[in-house]
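Okay, so here's the structure we're looking at.
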Amino acid sequence: MTIIASLLRAAELPDSPTARLDAELLLAAALGKSRSYLHTWPEKIVSSESALIFADYLQRRRAGEPVAYILGQQGFWNLDLEVAPHTLIPRPDTELLVETALQLLPATPANVLDLGTGSGAIALALASERAAWQVTAVDRVLEAVALAERNRQRLALDNVTVLNSHWFSALADHRFDLIISNPPYIAAGDVHLAEGDVRFEPESALVAGPDGLDDIRQIVAAAPQHLNPEAWLMLEHGYDQGAPVRDLLQGAGFTQVESRKDLGAHERITLGRLPC
């Protein structure tokens, strides 16, 4: 007979910086229980079926597959989201976009656009906090659009509209009070693309030209035609891209341009305001 405590002791994930957490998440999922159950009932017997599922999960994790993809879910802000390999895994640093957006605009009616929504994480987090906002979430990948829509429906957030669009291509002359995006921003050939969880994520959602700024350039150039006067543009970017992104925003006529730091004290987002 195999018990919970022995399964966790036997789990070996040497390449993961969060090995114990990973093992607990995978075992809890295999059992259909919460992580707290593992600590409350460490001597509970595990069925052979659950043990086999756990063994499969561990094998996939040892091969480098992210826990979020193995389980098909990831927490972001105060939401539990379905995720899949055709979208990025939502990360805690991206919550800085949500936090800053909630600071910028009041809880009164506003039109907000999330470019490259992926799983819908940013758009759905904003909509969950601001019932008066109308949030449009777009992505050029049809599978991502379907995924974001499933998350929207499951969370019953009727103030979000999910559309298939390559950046602004399907938005005609619609204008917004805030445009927010976590676009691709890694340089082609960056060594980090061959490391860790990133190996399993879609390159199209990660890479943006020789310096990682191609998509940000497109967004900054086109955004003024889709912003109301005094509206904001906010972008996530690489830890060393704050200065060039500020230059791009200022060059496009944005004012009040500033960068803000993530949990690791790196400049992670940059924002600017369209003048009157």
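So, THR2, is that one within 20 Å of the chain's Cα centre (by Cα) and hydroxyl-bearing (Ser, Thr, Tyr) or not?
no
Does the range 95-108 contain at least one residue that is of a type in the set (Gly, Ala, Ser), more than 12 Å from the chain's Cα centre (by Cα), exposed (fewer than 15 other Cβ atoms within 10 Å of the Cβ) and not assigned by the TED database to the domain that holds PHE176?
Within the range 95-108, not a single residue is of a type in the set (Gly, Ala, Ser), more than 12 Å from the chain's Cα centre (by Cα), exposed (fewer than 15 other Cβ atoms within 10 Å of the Cβ) and not assigned by the TED database to the domain that holds PHE176.
Whether any residue in the range 40-59 is hydroxyl-bearing (Ser, Thr, Tyr) and not in a helix (DSSP H, G or I) is what I want to check.
Checked the range 40-59: at least one residue is hydroxyl-bearing (Ser, Thr, Tyr) and not in a helix (DSSP H, G or I).
Restricting attention to the range 87-96, does a residue exist that is touching a helix residue (DSSP H, G or I) at 6+ places or on another chain (Cβ under 6 Å) and free of Cβ contacts under 8 Å to residues at least 60 places away in the same chain?
Yes, the range 87-96 contains at least one residue that is touching a helix residue (DSSP H, G or I) at 6+ places or on another chain (Cβ under 6 Å) and free of Cβ contacts under 8 Å to residues at least 60 places away in the same chain.
Please work out if LEU81 is within 17 Å of the chain's Cα centre (by Cα), within 30 Å of LEU274 (Cα to Cα) and surrounded by 15 or more Cβ atoms within 10 Å (Cβ to Cβ).
Against the criterion (within 17 Å of the chain's Cα centre (by Cα), within 30 Å of LEU274 (Cα to Cα) and surrounded by 15 or more Cβ atoms within 10 Å (Cβ to Cβ)), LEU81 does not qualify.
Would you confirm whether or not the range 45-61 contains a residue that is of a type in the set (A, V, I, L, M), in contact with a strand residue (DSSP E or B) (Cβ under 7 Å, 6 or more places away or on another chain), surrounded by 13 or more Cβ atoms within 10 Å (Cβ to Cβ) and not assigned by the TED database to the domain that holds ASN182?
Yes, the range 45-61 contains at least one residue that is of a type in the set (A, V, I, L, M), in contact with a strand residue (DSSP E or B) (Cβ under 7 Å, 6 or more places away or on another chain), surrounded by 13 or more Cβ atoms within 10 Å (Cβ to Cβ) and not assigned by the TED database to the domain that holds ASN182.
In this structure, is ILE70 more than 30 Å from LEU171 (Cβ to Cβ) and buried (at least 16 other Cβ atoms within 10 Å of the Cβ)?
yes
Take the range 62-101 and flag every residue that is under 21 Å from GLY264 (Cα atoms) and part of a helix (DSSP H, G or I).
PRO92, ASP93, THR94, GLU95, LEU96, LEU97, VAL98, GLU99, THR100, ALA101
Residues in the range 134-149: is at least one closer than 13 Å to GLU82 by Cβ and not hydrophobic (A, V, I, L, M, F, W, C)?
yes
The values are calculated or read from the model by the stated rules, or taken from the named source; none is laboratory data. Since this is a predicted model, take the numbers as computed values, not measurements. Using ideal geometry, Cβ is built from the backbone for each residue, glycine included, and neighbour counts are taken over all protein chains shown.
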